[in-house]
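The values are calculated or read from the model by the stated rules, or taken from the named source; none is laboratory data. None of the values given here were measured: they were computed from a predicted structure. Cβ atoms come from the backbone with ideal geometry, glycine included; neighbour counts cover every protein chain shown. Side chains included, ligands, DNA and RNA excluded: accessible areas come from the protein's heavy atoms. Shrake-Rupley method; radii C 1.70, N 1.55, O 1.52, S 1.80 Å.
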Amino acid sequence: MFELAIKYILSRKVQSLLMLIGVALGCGGYIIFTSVQLGFQTFMKERLIENNGHITIESREEDITRESMEGVFFKGSTVYWISGPSGRRSNEYLQSAWHWQKRLADIPFVVASTKRIEAQVTCARGAFYRSVTLRGVDPFYEPKVTNIAEDIVVGNMNMLNSGNNLVIVGVELLNFLGGKLNDTITVVNSNGNVYPVKVVGIYSSGDRRNDRTLILASNTTVQNILESPGRITKIVVKTVDADRASTFARELSQGTYDKVESWDEANINFLSMTQQQSFIRNITIFTFILVVSFGIYNVLNMLVHQKQREIAILRSIGYTRNDTVVLFLLQGAILSVVGGIIGILIGYGACSYIETIKMPGRPMRVAWDVFIYLWGFMLVVISALFASFLPAKTAGSLSPIEIIRRTE
Amino acid sequence: MVAIEAGNVVKAFGDFIALKSISLTIAKGEFVAITGKSGSGKSTLFYSLSGLDSIDSGTVMMLGYAIHSLPEDEVHRIRNTKMGFVFQFHYLISELTTLENILMPAKKIKMHKEKMQYALYLLDYFDIQHCKDKLPSQMSGGERQRVAVARALIMNPDIIFADEPTGNLDSINSEAVMRIFKEVNKQNGTTVILITHDDEYAHMAGRQIHLKDGQIEYDVYNKAVSKKSY
């Protein structure tokens, strides 16, 4: 049957070629579309994770209620409120940072953690000033948790530890201030106190907003500027698997009042966007595969009608219904397998090319996952087999005597 | 030895009864011509006897098998190994060469390599060796029909069913095909059941069963051609 299926395919070259092109484009299209989209999503995810780790632990802001005020005034007495308390209470600093670090050190899924202190300040040089985020980091632990250190284009993270009041400034901010390496700029805290700091490094993350508004310093420097010695605002955690960060965060939040948030919970819009992208991708692929399947169905259906006499003679010389079903299924299978392989090559070639296309700042990101290729291949093969099944079943159900009577 | 034994075979198409309780016996090695006008039921009888078509009542025993009661796989096995069919239209597979077409029945049971020599012999015997690698579209009508006969013979069947095999051929090719049937019948002892409109070809057979209105009008042996064997 295999040999006859091949002969049938080769005997109608144009139809077979069109089917082959359809299958190859279906498979290749799936691979290109999926690889580029997943590459983009991975890039976006990495950008989000590289600045803030997988999980952040911060103090929780809370609504003030009657219950939350219990025991604050008149301890042991019953208090009747004429007008209940309202408003929100924020704990700017993490109260139990030391306990957290001790706890995190014993948790298997935690790879590393680092402390940060962060606040809005105004930085100025001459007549130029701008409101920025002053971020205190631990130069030793920060590179183990985030990729910020990789974006430092002049100097390095360890230089922050080589003295007091040393900072690394985003390239855009430094340009705005008209400063350069080793210049001194001033930082004004919320109390209006002015602190001179020296620029010992420059970083460029590719994200202009970030590069315009972020200053890195050591935790000690920032605590000094904010006049909050020993305080920190958050702990950033790296886990063994970024995709399971929300599960880990839930586990960490057990038994604590602090706010434990995973990167995906903190960027819910990103998740919503990726889900929408995946939905659009699936709809597009489904439509494409449907068109290819209809093409295969039509060609094989026509073939079954054209080959009725031959089906009759096959049955009369001892070939069974199943043999005729297999004959037509095989044609769909052969074309889909060959088309799928061509599609894989098209997908691989196109993805290799796309990866060389320069986008602003960096080359285009493409996902290289063998499962994308396998799934693309399987998708077209299964669709083609499904599309071949109905014509094949029709061929199997034809009665030889009916065909012969019609022919006569 | 009996090749086919039919008892009270009835076949109807709706209200029209095509075969009205036909009973007959065909011995092994007989050359039987089934004749009759259009609508007499000869094709229906032919297909009913061969098992290609179902029957409404009665029995057909072919080479000892109740052909209409067997499981489908068994019927296909018998068709493959014990029967050969030749139709008015050659029904060759247009994508296969002559040799490949002839070997198709053997290929079903993966005996095509063993049957290769016999296929070449048949090509030679039917004088179509020059067509060995040709496609059906590259051959004449007579050559195609001879290929169809060779395909029917490749498995050395016990019975050959031929449904107006000369219907689309000119007189020269018709005579050549009939001569082949005669020789196969004579040399191999193959039972040949032939439907024909042509009286001349019917007389070439050893026995003629003539149908009229779904019944056997007469069943005669042509002693000048062959002796009654039962």
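What the phi angles of the range B:35-40 give under the Karplus curve with 6.51, -1.76 and 1.60, with θ = phi - 60°, is a coupling list of 10, x, 6, 4, x, 6 Hz, glycine and proline written as x. DSSP beta bridges fully contained in the range B:2-221 are about 55 percent antiparallel. Across q = 0.12, 0.17, 0.26 Å⁻¹, the range B:61-135 modelled as identical point scatterers on its alpha-carbon atoms has Debye log10 I(q)/I(0) values of -0.41, -0.76, -1.25, in the order of the q list. The alpha-carbon of B:Lys42 sits under 18 angstrom from the alpha-carbons of these lysines, leaving out residues fewer than 8 places away in its chain: B:Lys11, B:Lys20, B:Lys212. Bridgeable aspartates and glutamates around A:Lys75 (alpha carbons under 20 Å apart, same-chain partners fewer than 8 residues away excluded): A:Glu67.
FRET efficiency for A:Tyr129 and A:Asn298, Cβ-Cβ distance as r, R0 = 56 Å, nearest 0.05? Don't jump to the answer; show the numbers that get you there.
Values: r = 70 Å, r/R0 = 1.26.
That gives a FRET efficiency of 0.20.
Note on chain B: GNM, Cα springs under 10 Å; of B:Met62, B:Met116, B:Met83, the largest mean-square fluctuation is that of B:Met116. If exposed chymotrypsin sites (Phe, Trp or Tyr not before Pro) are those in a DSSP loop with at most 10 other Cβ within 10 Å, what is the longest stretch of chain A that has none? Longest site-free region, per DSSP loop and neighbour criteria: A:82-408. Loop-resident GluC sites (Glu not before Pro) (DSSP state other than H, G, I, E or B) in the range A:88-190 with no more than 14 further Cβ atoms inside 10 Å of their Cβ: A:Glu92. Of the whole protein surface, A:Leu226 contributes about 30 Å² of accessible area at a 1.4 Å probe radius. Axis of helix B:171-188 versus longest Cα principal axis of chain B: the two differ by about 80°, to the nearest ten degrees. Scanning chain A for DSSP H helices at least 20 Å long along the axis (C-alpha atoms) with a Kyte-Doolittle mean no lower than -0.5 picks out A:13-52, A:268-306, A:321-354, A:370-397.
Annotation: amide H of B:Phe31 within the under-5 Å range of B:Val192, B:Gly206, B:Arg207, sequence separation 5 or more or interchain, hydrogens built in the peptide plane.
With runs of 4+ DSSP H residues as the only contributors, calculate the mean residue ellipticity of chain A at 222 nm using -39,500 (n - 2.57) per run, divided by the residue total and rounded to the nearest 500.
On the way: 14 runs with 213 residues, N = 408.
Result for chain A: -17000 deg cm²/dmol, rounded to the nearest 500.
Using Stokes-Einstein with the Kirkwood hydrodynamic radius over Cα pairs, what translational diffusion coefficient do you get for chain A at 25 °C and a viscosity of 0.890 mPa s, in µm²/s rounded to a whole number?
Details: Rh = 26.7 Å.
Roughly 92 µm²/s, to the nearest whole number.
The helix-based estimate of mean residue ellipticity at 222 nm for chain B, built from -39,500 (n - 2.57) per DSSP H run of four or more residues and divided by its residue count, is -9500 deg cm²/dmol to the nearest 500.
In this calculation the C-beta distance from A:Val370 to A:Arg212 is compared with R0 = 41 Å, giving a FRET efficiency of 0.55.
Would you mind telling me which residue in A:Gly26, A:Gly349, A:Gly332 has the biggest mean-square fluctuation in a Gaussian network model of chain A, where springs connect alpha carbons within a distance under 10 angstrom? Per the Cα network of chain A with a 10 Å cutoff, A:Gly349 tops the list. Bridging of B:Lys107 to lysines at a Cα separation below 16 Å is possible for A:Lys7, B:Lys82, B:Lys115, once same-chain residues fewer than 8 apart are set aside.
Across A:Gly192, A:Gly76, A:Gly201, mean-square fluctuation computed from a Gaussian network of chain A (C-alpha pairs under 10 Å connected) peaks at A:Gly76.
A simple spin-label model places pseudo-atoms 7 Å from Cα toward Cβ; at A:Phe2 and A:Glu62 they are separated by 7.2 nm. Taking all Cα pairs closer than 8 Å and separated by 6 or more residues, the relative contact order of the range B:2-221 comes to 31 percent. By how many degrees, 0 to 90 and rounded to 10, does the Cα axis of helix B:141-153 deviate from the longest principal axis of chain B? For B:141-153 against chain B, the angle is about 70 degrees.
Solvent-accessible surface of chain B, taken per residue with a 1.4 Å probe and all protein chains present: 43 Å². Relative to the longest principal axis of the Cα atoms of chain B, the long axis of helix B:72-82 lies at roughly 60 degrees.
I'd like the FRET efficiency for A:Ile280 and A:Phe386, computed as 1/(1 + (r/R0)^6) with the beta carbon distance as r and R0 of 30 Å, rounded to 0.05. Don't skip to the end; give the middle numbers.
Details: r = 23 Å, r/R0 = 0.78.
About 0.80, to the nearest 0.05.
Per Stokes-Einstein, at 37 °C and 0.692 mPa s, what whole-number D in µm² s⁻¹ belongs to the range B:116-226, with the Kirkwood radius over Cα pairs as the hydrodynamic radius? Let's see the in-between values first.
Working: Rh = 15.0 Å.
Reported coefficient: 219 µm²/s.
Looking at the range A:129-183, which trypsin sites (Lys or Arg not before Pro) are DSSP coil and have at most 13 other C-beta atoms within 10 Å of their C-beta? Sparse-neighbourhood loop trypsin sites (Lys or Arg not before Pro): A:Lys180. For B:Phe87, the residues whose amide H sits under 5 Å from its own are B:Asp163, ignoring neighbours fewer than 5 places away on the same chain, with H placed 1.01 Å from N.
Any idea what % of Cα-Cα pairs in the range B:52-204 are farther than 17 Å? Could you put the intermediate results ahead of the total?
Details: 7248 of 11628 pairs.
Beyond 17 Å sits 62 percent of the P(r) for the range B:52-204.
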